[in-house]
1. Here are some residues: Gly27, Gly75, Gly67, Gly16. Which one is of a type in the set (Gly, Ala, Ser), on the phi > 0 side of the Ramachandran plot and in contact with a strand residue (DSSP E or B) (Cβ under 9 Å, 6 or more places away or on another chain)?
2. Quick check: is even one residue across segment 46-62 touching a Gly at 6+ places or on another chain (Cβ under 9 Å), closer than 19 Å to Thr7 by Cβ and surrounded by 15 or more Cβ atoms within 10 Å (Cβ to Cβ)?
3. Can you tell me which of (1) within 12 Å of the chain's Cα centre (by Cα); (2) touching a residue at least 12 places away in the same chain (Cβ under 8 Å) is the one Lys18 doesn't meet?
4. For residues that are crowded, with 19+ Cβ neighbours inside 10 Å and in a strand (DSSP E or B), tally how many sit in segment 24-45.
Amino acid sequence: MSYEKVTKGQSRLIIGTKQTLKAMKSGDVSEVFLADDADKKLTGKIADLASELDIMCHHVDSMKKLGAACGIDVGASTVAIKKD
């Protein structure tokens with residue numbers, strides 16, 4: 001289900017840790033997706049901030065699959081969906 005949601009939201013995606021953190025701090029994010037096989041130092045910051053800002057956080061099993069769902073050829077550790 002989570003990968004499907006990312007695939008459907010292609011036009012509103014923010015891909016990558018730095019971009020996701022910046023957008024979260026700006027209040028532009030409705031939910032985030034974290035790959036469980038990504039570096040926990042990176043995803044931990046996102047998860048902590050999501051909790052602090054009350055942003056829905058989803059966990060997926062694979063960076064590779066998350067990247068593919070975003071339409072990119074590399075893995076993605078974090079992906080955010082912009083607010084409408």
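Coordinate-derived values only; no laboratory data. Predicted model, so just to flag it, every value in this text is computed and none were measured. So basically every Cβ, Gly included, is an ideal-geometry build from the backbone, and we count neighbours across all protein chains shown.
1. The match here is Gly16.
2. Yes: segment 46-62 contains one or more residues that are touching a Gly at 6+ places or on another chain (Cβ under 9 Å), closer than 19 Å to Thr7 by Cβ and surrounded by 15 or more Cβ atoms within 10 Å (Cβ to Cβ).
3. Of (1) within 12 Å of the chain's Cα centre (by Cα); (2) touching a residue at least 12 places away in the same chain (Cβ under 8 Å), only one is false for Lys18: (2).
4. 5
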